[in-house]
Amino acid sequence: MGAAVTRRGLLSRASGVAGAVAAIAGGIAPNLAGVAQAGVSALAKVSGKFQVVTMVDWHPEHNAYLKKTITEWADNNGIGSQLDLSDVAGFLGSSDIYQKLQAQKAANQPVDIVMRDLSARKLNFFDLTRDVTNNVKAMEIKYGAVNTGARASHLVEGKWIGVPYYDRSGNYWVREDKFGPAGFSIEKGSFDTWDSLREACMAVSRPSENFYGWGMTTNRSGDGESLVQTVMQQFGGALADETGEKVTLYSPETIDGMQWLADCYLDRKYQDMVPPGVNAWNDLSNNEAYLAGVIGFTSNAGTIFAKAKYDGNPVGDVTMLVPVPMGPLGLRLQGSALHYHYYMKGSQNYEAAASLSEFLLTEQQQTAILNISFGYVVPAWAKYWDHPDVTRNRIAMAFKKVAFNEPPFQGIAWRGPLSEASEAVNDSNVMTDMMGEILGGKRVDLAVRDAHVRSVQIYKDFGKKGE
């Protein structure tokens, strides 16, 4: 039996805008003039610095707009001189974010608001955030129901851990101009299954022209972990049982899925569809290759599309979002990953943090960010899905079904509930390590067995049965 999980143990496992908008939106842009002036007219007195931490996304114009908007909001509310605005990279340095937030709380110096996609279960476990249930309920009255992915991940023990800011499109992107002339299309179901996808990727690949159909890695990275997990699940494998107590990874379904995926990289008949060095890629490599016109199909957040549109890259006009392919059992499991506003427990400026959050959820602000990150940012709240700037967005409309999945997909924890144990398996890169061993020559069944044993120990470390 492993020791019960401790906070220390968990820590060790957690490791010209308007003109551009007009170009993205095809000449239909929101009126950004004075948008930041629409904030709350009066704030309670801010104590010391008003500390705001934002995520740095791969879409620089998105980041720049958010920084500009927050700065103008603070200036217009008389707290500009007290604003301490930083991005996550600058805030963390070399620290793990949960370690950093814990250290700040212990020193009675927590930041006021963090805007990012963090683990609600870790934040709750470490008691780092305020309960925002009343805030979310108030927003639901204004903006309708929140997307189901938020309910799955951020409603923990009956309380909301963060206020949903926006959702993000993503998963699979296809170059329609490359696949269409070869007879493959979304309408024909060419990307509905992993087998049909692989056939299509083979058919369009032209190594002599530096073009490859398959643009996905199994390397130790966020993208790699996502691919291996996805194939495992679509083939019928699952990390845990319905209770979330017992690991079930070692199964014929998982073995079949891992053999299928390994063949994409090891079987010589598929070598022409895979870019050289693909399994040394990091989380930026597929973005760069897709935008450079080197690959025709990949998995990524919607930043890959939004960046193309913002930059006027012609790849954007011939790109479409497709659902996750199905495996032999006909499973299609897919969810969404929102960004949130986290109000840190013990901070001095809760009222200012809540006011800023409310401002960023107003229609003007939501419309602006939806257009700047066109096709990447999609609404987190039901009301905004009916906005014209959303309904005319073919990427957003393609993603809407995923945003309102019922029941919401639980990610790596499927079939069981989300838990600290399942997140620790993800954080430990169990799946990509397993695939790395297979690509290195280890027998598939043995690699799956060893990943299962490793996962069992992680589950036991978190007080689960494991087996």
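Only the coordinates and a few stated rules stand behind these numbers; no lab work does. Values in this document were obtained by computation on a predicted structure and should not be read as measured data. Neighbour counts run over all protein chains shown; Cβ positions are idealised from the backbone, glycine included.
Of note:
- Options Pro275, Pro252, Cys264, ranked by Cα towards positive dipole end of the range 194-291, top entry (Cβ charges): Pro275
- The range 122-156 and the range 157-207 have Cα centres lying 29 Å from one another.
- Seen through its C-alpha gyration tensor, with square-root eigenvalues sorted a ≥ b ≥ c, the range 301-380 comes out oblate because a/c lies at 1.5 or above while a/b is not bigger than b/c.
- Radius ratio Rg over Rh of the range 46-127, counting only Cα atoms, Kirkwood formula for Rh: 0.98
- Note on the range 369-433: Cα-only Rg and Dmax are 15.8, 45 Å.
- Alpha-carbon centroid distance for the pair the range 302-316 / the range 211-231, whole angstrom: 21
- Positive-end residue, the chain charge dipole about Cα centroid, Cβ charges, pick of Val390, Ala421, Ala292: Ala421
- Summing Cβ point charges (Lys, Arg +1; Asp, Glu -1) relative to the Cα centre of the chain gives a dipole of roughly 680 debye.
- Long-range Cα-Cα pairs in the chain (distance over 34 Å), rounded percent: 35
- Rg/Rh ratio calculated on Cα atoms of the range 326-365 (Kirkwood radius): 1.34
- Added length on full extension, which subtracts the Cα-Cα distance from 0.36 nm per residue, Leu266 to Gln99: 56.1 nm
- When each of Ser47, Ser285 is scored by the number of other beta-carbon atoms lying within 10 Å, the sequence from fewest to most is Ser47, Ser285.
- Debye log10 I(q)/I(0) for the range 252-337, one point scatterer per Cα, at q = 0.18 Å⁻¹: -1.00
- Against the compact-protein benchmark of 2.2 N^0.38 Å, the Cα-based radius of gyration of the range 311-467 scales to 1.38.
- Shape call, the range 221-265: gyration tensor on alpha carbons, a/c limit 1.5: oblate
- The convex hull around the C-alpha trace of the range 141-206, projected and averaged over every direction, spans 7.5 square nanometres.
- Here the range 213-309 is treated as an ellipsoid with the same Cα gyration tensor; its semi-axes, largest first and in whole Å, are 27, 17, 10.
- Our helix-only sum for the chain, with -39,500 (n - 2.57) per DSSP H run of n ≥ 4 divided by its residues, gives a mean residue ellipticity at 222 nm of -12500 deg cm²/dmol.
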